[in-house]
Amino acid sequence: MARGLSSSPSEQKRVMTEYVATRWYRAPELMLSLNEYSEGIDMWSVGCIFAEMLGRKHLFPGTNYLNQLQLILSVVGTPSESFIERMGAERVKTYLRQLPMKEPVPLDKLYPKDKCHSDALDLLGKMLKLDPKERIAVGEALAHKYLKEYHCVDDEPLCFPPFEFDFEDIPFTKDDLKARILTEIKQFHTDRLLILSPVSCSPKELQSSQISSTQSSAKGKDKSAPKKGNIPVSSLKLVDVRQKMEQNLKRKKEKEENKSKKSKAARRQSENKETESKAG
């Protein structure tokens, strides 16, 4: 999502790299070092997805940075001089000025009107404007006549509060990052437990400190979570809690062995009865 939606003025001034979006859906302003970022970045991506829905194939399947830019310009046309002047990098300006002039390709040539509604092509064209200032806004897109049948002003979910990215500016220490990574691992590996214990402890002591993660979560308290200002995060040990798994495997093996023994005993009994019957 475009960081331009943030209410923070400092966030608006932050320069984003082209890698904030997947290449095939990347807005041209990100690739051309145009330091004017807004929700238009997201509208371009939506337009690329909409084009896929209409044509059943990717519109700009670039293989690299340059190829991606060439594919975009081959459809939307080369930028005007006033647009080029807004670029932040001189090398980008030089490259664009060297390109031969090309007019935008009419969308009805890419998507014939007998297969695509003219209103759909009108909306797509407004989503894929090269200049983000000319690109249709989110509210305008929702109110477009092509979406009139599906759009309801009274049923329009909004996000409150807006997304904030202040966490990116927090000066985490190395130990803080370790704690967060280990906490994240713990959420996905229920058979593992984070134990707060000194690095110098023996394997036997470490083994004796193992606690079932199931029991810990049942109590509703996660005593194993690292706490800032307590034992250094560098002393955390990631311990495999395998006892329960081993017990389950042992029970399963015993059950299979008992089943096999019963089957053999029943087979022997059947054979004995058959032998006695023949002898009689």
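The values are calculated or read from the model by the stated rules, or taken from the named source; none is laboratory data. Since the model is a prediction, treat every value here as computed from it, not as a measurement. For neighbour counting, all protein chains shown are included, and Cβ atoms are generated from backbone atoms with ideal geometry for every residue, glycine included.
Inclusion of Ala143 among residues that are among the small types (Gly, Ala, Ser), touching a Leu at 6+ places or on another chain (Cβ under 7 Å) and surrounded by 13 or more Cβ atoms within 10 Å (Cβ to Cβ) is not warranted.
Look through Val138, Val153, Val105 and report the one residue that is β-branched (Val, Ile, Thr), over 24 Å from Leu73 (Cβ atoms) and surrounded by 11 or more Cβ atoms within 10 Å (Cβ to Cβ). Walk me through how you get there before you give the answer.
Values: Val153 fails: surrounded by 11 or more Cβ atoms within 10 Å (Cβ to Cβ); Val105 fails: over 24 Å from Leu73 (Cβ atoms).
Answer to the check: Val138.
All told, Cys116 falls short of being exposed (fewer than 11 other Cβ atoms within 10 Å of the Cβ) and not basic (Lys, Arg).
Taking the numbered list (1) more than 31 Å from the chain's Cα centre (by Cα); (2) under 16 Å from Leu69 (Cβ atoms) in turn, Leu128 passes all entries but (1). Within the stretch 4-24, identify whether any single residue is part of a helix (DSSP H, G or I), modelled with pLDDT of 85 or more, more than 21 Å from Asp169 (Cβ to Cβ) and touching a helix residue (DSSP H, G or I) at 6+ places or on another chain (Cβ under 8 Å), and answer yes or no. Yes - at least one qualifying residue is present in the stretch 4-24.
With the stretch 52-100 as the region, which helices (runs of 4 or more DSSP H) entirely inside it contain at least 2 residues that are of a type in the set (S, T, N, Q) and surrounded by 13 or more Cβ atoms within 10 Å (Cβ to Cβ)?
Working: elements: 65-76, 81-84, 90-98.
Once the helices (runs of 4 or more DSSP H) in the stretch 52-100 are filtered for at least 2 residues that are of a type in the set (S, T, N, Q) and surrounded by 13 or more Cβ atoms within 10 Å (Cβ to Cβ), what remains is 65-76.
A count restricted to the stretch 53-96 and to residues that are among the charged types (D, E, K, R) and under 14 Å from Trp24 (Cβ atoms) stands at 1.
Can you name the residue in the stretch 147-177 that is of a type in the set (Phe, Trp, Tyr) and assigned to a loop (DSSP other than H, G, I, E, B) and, of all such residues, is farthest from the chain's Cα centre (by Cα)?
Of the stretch 147-177, the ones of a type in the set (Phe, Trp, Tyr) are 150, 160, 163, 165, 167, 172.
This time we only want the ones that are assigned to a loop (DSSP other than H, G, I, E, B), so: 150, 160, 163, 165, 172.
Values: Tyr150: 28, Phe160: 21, Phe163: 16, Phe165: 16, Phe172: 23 Å.
Of everything passing the filter in the stretch 147-177, Tyr150 is farthest from the chain's Cα centre (by Cα).
Is one or more of the residues making up the stretch 103-119 of a type in the set (Gly, Ala, Ser) and in a helix (DSSP H, G or I)?
As a first pass, look at the stretch 103-119 and keep what is of a type in the set (Gly, Ala, Ser): 118.
If we keep only those that are in a helix (DSSP H, G or I) too, we end up with 118.
Within the stretch 103-119, one or more residues are of a type in the set (Gly, Ala, Ser) and in a helix (DSSP H, G or I).
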